[in-house]
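Novice: Got a structure for you, written out below as structure tokens; questions coming shortly.
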Amino acid sequence: MAQARAALYCCVYSCIASMADGHIFAVAAAAAAAAAAAAAAAAAAAAAGVTACVGCRCRDSTPFHGTLEDMYGAQAQYYDLPWLSFRNAMWRLSEFHMHGFNWTDFMWDFDFMHPIDPGMAAIADMAVHLLQSTSLGLLLHPLGRQDKELLQERLPPPMHAGNWEAKNLMCTYGEAFKPLADAAASPGWQFINEGKPGAAKWGYISTTPGSVLKIVVNSMRSKGPDDAAAAAAAKGGEEGADRMNVMLAYL
């Protein structure tokens with residue numbers, strides 16, 4: 001017999017506040033009552049032979065080590081930089097429903113990738129805590145000679161070989177984007193402001209099916225440190241320049 005899947009809606013409204021010591025304090029209204037109600041509903045569903053999923057939506061069972069944060073952490077450690085982990089901060093609360101919390105209390109339940117307001121507040125609190133901890137550490141242990149010498153060191157080469165940053169990135173939006181379109185080759189398109197007074201939102205709009213917008217950009221981007229580019233030029237090679245991806249977005 002096919003089992004039905006029931007979603008138990010356990011909505012606990014929480015408030016995340018940044019306190020003086022930078023730690024996350026969560027205040028949940030009737031969290032214990034909601035947790036008890038969810039447990040009772042889960043027990044009833046189990047007795048009826050129904051598989052229950054607690055939360056407003058069921059998040060995919062991604063393991064703790066299955067996220068990209070370990071990769072980001074490795075890069076931060078490679079450059080000896082501090083880093084913050086939203087996964088580490090929220091996992092026990094959300095995954096194990098501690099104090100009645102779910103991922104849906106902190107994340108948009110459409111994709112479980114974008115934090116909602118309480119999740120944003122938690123991220124802000126993490127940043128505040130890092131700054132406070134750093135300030136306290138500098139008071140207790142001021143920068144010394146060795147620290148100042150480290151500041152003068154050059155960055156190590158990219159962690160991923162050849163992954164140099166582009167030196168002349170281009171980000172064009174708003175009215176500055178208009179000249180990039182070849183108007184003569186793009187019939188059916190209009191450059192329109194769909195925004196509000198004081199909040200312009202310029203973009204190319206077409207209501208003609210099949211119309212083509214032709215955008216002309218220079219995608220040649222030099223990259224890498226100056227000495228690498230100079231060495232490549234001396235060799236007559238092209239290591240100092242490469243084709244870069246072009247991304248068009250409209251929100």
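Novice: Could you check region 77-117 and list, in sequence order, the residues that are within 30 Å of Ala161 (Cα to Cα), free of Cβ contacts under 8 Å to residues at least 24 places away in the same chain and loosely packed, with under 15 Cβ neighbours inside 10 Å?
Specialist: Gln77, Asp80, Leu81, Trp83, Asn88, Met113
Novice: Turning to a different aspect of this structure: Regarding Met120, is this residue within 16 Å of Ser61 (Cα to Cα) and under 18 Å from the mean Cα position of the chain (by Cα)?
Specialist: Values: within 16 Å of Ser61 (Cα to Cα): no; under 18 Å from the mean Cα position of the chain (by Cα): yes.
No.
Novice: If you don't mind, another one. Cβ-Cβ distance below 6 Å, separation of 6 or more or different chains: which pairs start in region 167-187 with a residue that is of a type in the set (Ser, Thr, Tyr) and end on one that is surrounded by 10 or more Cβ atoms within 10 Å (Cβ to Cβ)?
Specialist: Matching pairs, first to second residue: Ser186/Leu213; Ser186/Lys214.
Novice: For region 226-233, does any single residue satisfy the condition of being modelled with pLDDT under 65, under 29 Å from the mean Cα position of the chain (by Cα) and open to solvent by 70 Å² or more (accessible area, probe 1.4 Å)?
Specialist: There is no residue in region 226-233 that is modelled with pLDDT under 65, under 29 Å from the mean Cα position of the chain (by Cα) and open to solvent by 70 Å² or more (accessible area, probe 1.4 Å).
Novice: If a residue must be open to solvent by 60 Å² or more (accessible area, probe 1.4 Å) and in a helix (DSSP H, G or I), how many such residues does region 134-143 contain?
Specialist: Residues that pass the stated criteria total 6.
Novice: Another question, then. Which members of region 200-217 meet the condition of being over 12 Å from Pro179 (Cα atoms) and among the hydroxyl-bearing types (Ser, Thr, Tyr)?
Specialist: Ser206, Thr207, Thr208, Ser211
Novice: Quick check: anything in region 162-178 farther than 22 Å from Pro82 by Cβ, assigned to a helix (DSSP H, G or I) and open to solvent by 100 Å² or more (accessible area, probe 1.4 Å)?
Specialist: yes
Novice: I need the full set of residues from region 144-155 which are open to solvent by less than 100 Å² (accessible area, probe 1.4 Å) and at pLDDT 90 or above, in order please.
Specialist: Within region 144-155, the first condition is being open to solvent by less than 100 Å² (accessible area, probe 1.4 Å), and the residues that meet it are 144, 147, 149-150.
Across region 144-155, the qualifying residues are Gly144, Asp147, Glu149.
The values are calculated or read from the model by the stated rules, or taken from the named source; none is laboratory data. In this text, all values refer to a predicted model and were calculated from it rather than measured experimentally. Here Cβ is always computed from backbone atoms with ideal geometry, including for glycine, and neighbour counts include all displayed protein chains. Side chains are part of the model used for accessible areas, which takes the heavy atoms of the whole protein and leaves out ligands, DNA and RNA. Shrake-Rupley method; radii C 1.70, N 1.55, O 1.52, S 1.80 Å.
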